[in-house]
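Readers should treat all values here as calculations from the given coordinates under stated rules, not as data from a laboratory. A quick note: this is a predicted structure, and the numbers were derived from the prediction, not measured. Quick reminder, even Gly has a Cβ in these numbers, built from the backbone with ideal geometry, and neighbours come from all protein chains shown.
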């Protein structure tokens, strides 16, 4: 089986719930998490590599973005999914959209110059997320496909 859409993942999750085999469902979730887990440190490292005039600190914006990066595996509800994201809800109040501006998915990012609230500059984006997903996502997708194949064989 080849994973073309999240529908395959949803279908297998639904079948596992119908079977009421909690151990198999638990193994499925654990293996999905293990397949995508290497991408999280890669995204965090990419965030730390974003150029800045200030050195990297865990308390700075790049450190906060790295801490907000996480992995989520959903096997219930309408859509099953393996999600890697920089969660804006875990960012400070005034920086909840910073990850989108930094990636370049939001068009303009203006901010005041440090120490001078009257002068604004437009910040250039520094893509960090999709570059990692393009390189490491293929391996993770193949690993997820292997997990789906194994579990679908166990179901049948």
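Some notes on this structure:
- Intensity falloff of the range 1-83 expressed as log10 I(q)/I(0), Debye formula with alpha-carbon point scatterers, at q = 0.12, 0.18, 0.22, 0.24 Å⁻¹: -0.49, -0.79, -0.98, -1.09
- GNM flexibility winner over the chain from 43, 73, 121 (Cα, springs under 10 Å): 121
- Percentage relative contact order, the chain, counting C-alpha pairs under 8 Å, at least six apart: 28 percent
- GNM result for the chain, Cα springs below 10 Å: residue of 51, 92, 112 fluctuating most strongly: 112
- Packing-based exposure ordering (other Cβ within 10 Å, fewest first) of 138, 156: 156, 138
- Exposure proxy for 9, 32: other Cβ atoms within 10 Å of each Cβ, ordered fewest to most, give 9, 32.
- Result for the chain in a Gaussian network model with C-alpha springs under 10 Å: among 64, 49, 123, the largest mean-square fluctuation is at 123.
- Taking each DSSP H run with n ≥ 4 as -39500 (n - 2.57) and averaging over every residue of the chain yields -16000 deg cm²/dmol at 222 nm.
- In plain terms, the bigger the Kirkwood radius, the slower the diffusion; for the range 1-140, with that radius from Cα pairs, at 25 °C and 0.890 mPa s, Stokes-Einstein puts D at 142 µm²/s.
- Residues 54, 78, 85, 30, sorted so that the one with the fewest Cβ neighbours within 10 Å comes first: 78, 54, 30, 85
- Rounded tilt (10° steps) of 39-48 against the dominant C-alpha axis of the chain: 0 degrees
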